[in-house]
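Take a look at the structure below.
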Amino acid sequence: DPVDDKQALFDFVHNISHSTSIKWNENSSVCKTWTGVVCSKDQSGVIELHLPGAALYGPIPPSTLSRLSALQVLNLSSNTLTGPFPSDFSKLRNLSSLCLQYNNFSGPLPLDFSVWKNLTVMNLSNNAFSGNIPSSISSLTHLTVLNLANNWLSGEIPDLNVPSLQQLDLANNNLSGNVPQSLQKFPSWAFSGNTLAFLPPALPVQPPNSKPRKKVKLGKHAMLGIVIGGCVLGFVLIAVLMIICRYNKKGENGIVEKPKKELFSKEGLSRKHDKNNRISFFEGSNLAFDLEDLLRASADVLGKGTFGTTYKAALEDATTVVVKRLKEVSVGKKEFEQQIEIVGSIRHENAAALRAYYYSKDEKLVVYDYYEQGSASSLLHAKRGEGRIPLDWETRLKIAIGAARGIAHIHTQNGGKLVHGNIKASNIFLNSQGYGCVCDVGLPTLMGPMPPPAARTGGYRAPEVKDTRKSSPASDVYSFGVLVLELLTGKSPIHTIGGEEVVHLVRWVNSVVREEWTAEVFDVELLRYPNIEEEMVEMLQIGMSCVARMPEQRPNMPDLVKRVEEIRQVNTGTRPSSGISTPILNTPTPPSETAGPSFLPQ
Ligand SMILES: Nc1ncnc2c1ncn2[C@@H]1O[C@H](COP(=O)(O)OP(=O)(O)OP(=O)(O)O)[C@@H](O)[C@H]1O
């Protein structure tokens with residue numbers, strides 16, 4: 001056994017609060033029996049340490065793990081580790097994979113990443129790291145995965161020109177400025193939840209003429225020509241300026257309008273619109289503007305989704321709306337209008353009202369109210385770590401109840417033929433009563449065939465759905481189930497664990513429940529609320545029934561509404577007084593998914 005490494009691990013585990021599942025016996029072989037420890041072939045040193053979800057709590061004791069000089073893989077994800085990034089990790093020169101996601105680390109990232117020359121996977125997401133992204137990351141020439149999402153990182157993104165990089169996620173930070181050219185190849189969701197611009201490459205600056213210029217003597221005629229030419233140009237410029245000033249004067253009062261930030265036009269919203277095409281408003285929308293107003297509105301990009309770019313637009317009359325610029329609309333104008341009329345007529349407190357639309361050859365726009373509090377996704381995942389306001393159980397319950405009611409209502413529309421087709425946490429907002437409210441109804445039917453499940457939507461999409469246009473009520477139920485599991489676990493439908501390993505939330509929940517570690521599935525943020533154990537377990541059972549592999553085994557929406565509404569009523573007054581004990585439920589695994597990885601090695 002590597003004696004020094006064994007001692008280092010011992011010092012670590014004795015100085016940190018941890019779960020009882022770490023069974024490290026001093027008298028047994030560290031290489032053969034210690035949970036989560038992997039040694040080199042010749043057993044001369046510990047090369048991997050995997051302790052995800054091991055209830056590690058507090059700062060990493062200094063001079064413990066940093067003594068594992070041969071360590072290559074360190075996975076301490078999904079714990080409650082706090083404090084700054086451990087500075088002594090700089091001694092772990094052989095690290096190739098560093099996974100500290102889903103903890104409460106805070107403070108700046110280390111300045112000098114060049115010490116970890118072999119690093120290929122780095123996941124520091126879902127912490128409270130702040131400050132800038134260090135440019136020294138570009139010295140990591142083997143880096144393939146970089147995930148810094150859901151932190152408090154700010155400032156500009158340095159030009160991380162790492163050719164080996166294959167996966168990048170910087171979403172939900174406070175980053176600003178332009179996305180460097182070298183990173184624009186990554187999908188836009190990797191940058192969402194920041195204030196970033198995707199600017200085209202700057203035009204190359206003409207190199208100064210290397211040849212020494214010859215001094216040319218100008219003759220008298222040439223000088224006269226230049227003076228006259230200069231005067232004419234001056235007059236033209238003054239005339240143009242006067243015309244511009246006149247044009248900008250408003251009415252009689254002579255006030256010149258302030259220049260506006262016309263992001264729509266900058267982003268390329270076509271000005272070649274057909275004069276005959278007007279924005280059509282739906283009943284009760286209280287909005288009145290035309291395309292010109294929209295073009296003049298100052299707009300911020302909220303994100304780029306499956307259907308196009310979404311903008312938050314502030315109109316001149318101080319109204320704020322959300323405008324989706326749909327790309328790849330495959331249906332013609334008539335079909336578009338028929339479909340959009342169905343969606344636009346929906347009025348339900350749990351379905352976001354479609355306020356207006358615009359259809360022309362070049363542009364297709366849909367307009368919604370702006371939901372200030374953000375989506376269930378941002379409430380759940382943004383800014384994990386210190387300084388975050390946790391999403392309480394009451395709100396999660398209300399999100400699920402509202403979403404269920406909204407989806408159930410959608411399924412009754414158009415003679416029972418309407419489906420949502422894209423239920424996901426980023427499409428659920430909070431209505432004025434704090435209940436879930438479903439947005440983006442029916443958009444998939446307007447689009448061309450969508451590509452096979454991309455990482456961002458795949459986690460919500462029912463296994464039988466190969467093309468988003470072919471969604472069904474049962475596939476909406478599946479997506480709702482994933483949303484429920486996301487609300488319970490605080491984890492995204494697809495996330496990485498151990499860096500290289502992609503985890504499907506549905507499989508993970510199934511495997512944890514099967515292993516009788518049910519309490520481990522719940523979001524640590526929920527553990528602070530007393531007496532909600534039974535409610536969470538009920539919700540878990542609901543979520544798991546929705547994600548059954550076979551569509552016919554899933555419940556229908558009206559039944560689901562009843563079940564989620566009953567969670568509170570049933571448990572009122574009968575809730576246990578204690579916290580969570582393990583195991584609290586031993587549910588037989590539904591025949592839905594194959595087993596996936598669990599958080600702790602057995
Ligand atoms: N009405 C709205 N009010 C506030 N934020 C919104 C609104 N509609 C969308 N957003 C936010 O804007 C961002 C981009 O939305 P968009 O719908 O384009 O993409 P998405 O939800 O990430 O994916 P998808 O296109 O598959 O729905 C998301 O963060 C979303 O939550």
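Efficiency by 1/(1 + (r/R0)^6): what FRET value for N531 and N174, r their Cβ-Cβ distance, R0 = 45 Å, to the nearest 0.05?
Details: r = 36 Å, r/R0 = 0.80.
My answer for the efficiency is 0.80.
Mark the label point 7 Å from the Cα of D467 along Cα→Cβ and return the residues of region 310-336 whose backbone N is within less than 20 Å of it.
Only 327-336 fall inside the zone, counting backbone N under 20 Å.
If ligands, DNA and RNA are left out, what is the accessible area of W517 with a 1.4 Å probe, given in Å² to the nearest 10?
For W517, the solvent-accessible surface is approximately 60 Å².
Could you give the length gained by full extension between S432 and D300, i.e. 0.36 nm per residue of separation minus their alpha carbon distance, to one decimal place?
The S432-D300 span can extend by a further 45.2 nm.
Residues in region 161-199 near a label at H142, defined as backbone nitrogen under 14 Å from the 7 Å Cα→Cβ point?
Counting only backbone N, you get 164-165.
Quick check: convex hull over the Cα atoms of region 153-193, volume per residue in Å³, rounded to an integer?
65
What does the accessible area of K470 come to, in Å² to the nearest 10, when a probe of 1.4 Å is used?
Estimated to the nearest 10 Å², K470 gives 140 Å².
Between F281 and K32, 0.36 nm times their residue separation minus their Cα-Cα distance comes to what? Don't skip to the end; give the middle numbers.
On the way: separation 249, 0.36 × 249 = 89.64 nm, distance 6.89 nm.
Once the chain is fully extended between F281 and K32, it gains 82.7 nm.
Quick one: order R461, R507 from most to least accessible surface, probe 1.4 Å.
R507, R461
Estimate the FRET efficiency between D362 and E337 by the formula 1/(1 + (r/R0)^6), using the beta-carbon distance for r and 25 Å for R0, to the nearest 0.05.
About 0.90, to the nearest 0.05.
Just to verify a number: FRET efficiency for E394 and A197, C-beta to C-beta distance, R0 = 30 Å, to 0.05?
That gives a FRET efficiency of 0.20.
The values are calculated or read from the model by the stated rules, or taken from the named source; none is laboratory data. Since the structure is predicted, the reported quantities are computational estimates derived from the model, not experimental observations. All Cβ positions, even for glycine, are placed from backbone atoms using ideal geometry, and neighbour counts span all protein chains on display. Surface accessibility is based on the protein's heavy atoms, side chains included, excluding ligands, DNA and RNA. Shrake-Rupley method; radii C 1.70, N 1.55, O 1.52, S 1.80 Å.
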